[in-house]
Amino acid sequence: MRSGHRLGEPRGHLPGHRPGHLPGHRLGRSFGWLWGAYGTSALGTWLAFGAFPLIAVQVLHAGPAEVAALASVGAAVGAVVAVPLGPWVEFRRKRPVLIAMDLVRCAALLTIPAAFACGVLTFLQLLLVSVVVAAADITFRAASGAYLKTLLPAEDLLVANARFESTTWTTTIIGPPLGGAAIGLLGPVATVVADAVSYLLSALGLRAMGGQEPPAEPRQAARMRAGDLLDGWRYILADPTLRPLFFNTALFNGLVMATQPLLTVLMLGPLGFAPWQYGLAFAAPAIGGLLGSRLARPLVTRFGQHRILAGSGALRAIWPVGLAFLGPGTGGLLLVMGVELGLIFCCGVFNPVYATYRLQRTAADRVARTLSAWAVTTKASTALLTAVWGVLGGLLGPRTAIGLAGVLLLATPLLLPRRTVARLSEPEPEPGPEPGPGQETRPEPEPGRPPNRG
């Protein structure tokens, strides 16, 4: 999902690349293939957005409890299945893992239209496929982050992550409307086929990159031990800046996603919004994410990485509480669109900066385990909070539960890193002789920022 300079070249400046030179920033042919593969699979994912619940309701006549289980249980079990895969990925070449995860997702998804055509599709099959896809998603993310770090010098990571974020929001805008049209014309499983094909095309793109991937780090022990499964979490919790960022993102993402089903019930139920208005309320503000991702690099260049990380992370928390005041009619529609636009814009700035910051602070031989632990925790916390807020929505009402989540989100900036400290992933320098009279020590580069290369 991520790429960089041509394999086999030294990890210095790319040909024609000057430090701080932003216009026309080129990351190499390999990055082009990798970016194309990511864009293809992202478009397939958004084409199939909501396909599983739709199939469950329209084809299998599932009830609300089964649809909720499909969303929460599938993600939670998939996260558990992915736990041992992080350490496993760490000691293998990453590109074959990426291709394998694409093919696994393709094969799993294709079982759904095959079973549908044969008239044997069941809810259990939908649930199992959702588990497989969730586990493969986590593994793919872990491998892709580790792969990106081996392909790009540190100063290019933000450029790459901003491009991926921009692609995400672009496909968010165009994918669901196209998917809805495809379902209307071709039936409920059409977008699942498109999603499966997108993973196949992504695997072919990754295969076409060519080049030689650096060998993976050798494993110290011959066999994986039970304690190795927790290495990613140990590494995160030992780092004084990764630790608060880890809790911040898990809580923020979980609370935002937990309110989505309640907001759906509120808008389509008591407030009486039409389905097209509901779709418009969340599709149009995605333009804010596209704009935010484009501004991330210039903002970091001007104000510094840590200020933008903390500032955008704090600003994104102030918007969701506004949804508690949502009312009917045009005013209500404009309110939800304004809240979502502000929230998504701030996330569009925050996400690539946060992804870059996390990669820079993680040692190269720990990236896969760290990202796997991060993704597992995020998926599990989202599933748990979605279930909890479902209960709260039933007890307190959707509006009150949404407002409670908004108030709690206002506290999440307290978990953002307050300062940047020296990276634990870097080896400590050997003690040298004290400087003599008239001698000056060479200043260290700013933590979190690579030293200038002459």
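The values are calculated or read from the model by the stated rules, or taken from the named source; none is laboratory data. What you see is a predicted model, and the numbers here were worked out from it, not measured in a lab. Please note: Cβ atoms are built from the backbone with ideal geometry, for glycine as well, and neighbour counts cover all protein chains shown. Heavy atoms of the whole protein, side chains included, go into the accessibility calculation; ligands, DNA and RNA do not. Shrake-Rupley method; radii C 1.70, N 1.55, O 1.52, S 1.80 Å.
Quick grid of which residues meet (1) under 22 Å from residue 44 (Cα atoms); (2) of a type in the set (Val, Ile, Thr); (3) touching a Gly at 6+ places or on another chain (Cβ under 9 Å); (4) open to solvent by 50 Å² or more (accessible area, probe 1.4 Å):
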site: 89; (1), (2), (3), (4): no, yes, no, no
site: 99; (1), (2), (3), (4): yes, yes, no, no
site: 116; (1), (2), (3), (4): yes, no, yes, yes
site: 126; (1), (2), (3), (4): yes, no, yes, no
site: 129; (1), (2), (3), (4): yes, yes, yes, no
site: 135; (1), (2), (3), (4): yes, no, yes, no
> Restricting to helices (runs of 4 or more DSSP H) lying wholly in the range 242-352: which have 2 or more residues that are open to solvent by 60 Å² or more (accessible area, probe 1.4 Å) and under 25 Å from residue 380 (Cα atoms)?
Replying inline: 242-258, 260-268
> List the pairs whose first member sits in the range 202-216 and is open to solvent by 100 Å² or more (accessible area, probe 1.4 Å), whose second member is modelled with pLDDT under 90, and whose Cβ atoms are under 7 Å apart, counting only residues at least 6 apart or on separate chains?
Replying inline: 212/7; 212/8
> For residue 121, which of the numbered conditions (1) crowded, with 21+ Cβ neighbours inside 10 Å; (2) more than 30 Å from residue 34 (Cβ to Cβ) fails to hold?
Replying inline: (1)
>> Cβ-Cβ distance below 9 Å, separation of 6 or more or different chains: which pairs start in the range 39-52 with a residue that is among the aromatic types (Phe, Trp, Tyr) and end on one that is open to solvent by 60 Å² or more (accessible area, probe 1.4 Å)?
In response: 46/174; 46/178; 52/71
> Do you know which residues across the range 137-165 are open to solvent by 20 Å² or more (accessible area, probe 1.4 Å) and under 14 Å from the mean Cα position of the chain (by Cα)?
Replying inline: 137, 141, 163, 165
>> Restricting to the range 353-366, name every residue that is at pLDDT 90 or above and either part of a helix (DSSP H, G or I) or under 25 Å from residue 72 (Cβ atoms) (or both).
In response: 353, 354, 355, 356, 357, 358, 359, 360, 361
>> Checking the conditions here, which among 76, 108 is hydrophobic (A, V, I, L, M, F, W, C), modelled with pLDDT of 80 or more and open to solvent by 20 Å² or more (accessible area, probe 1.4 Å)?
In response: 76
> Can you find even one residue in the range 8-23 that is under 21 Å from the mean Cα position of the chain (by Cα) and modelled with pLDDT under 85?
Replying inline: no
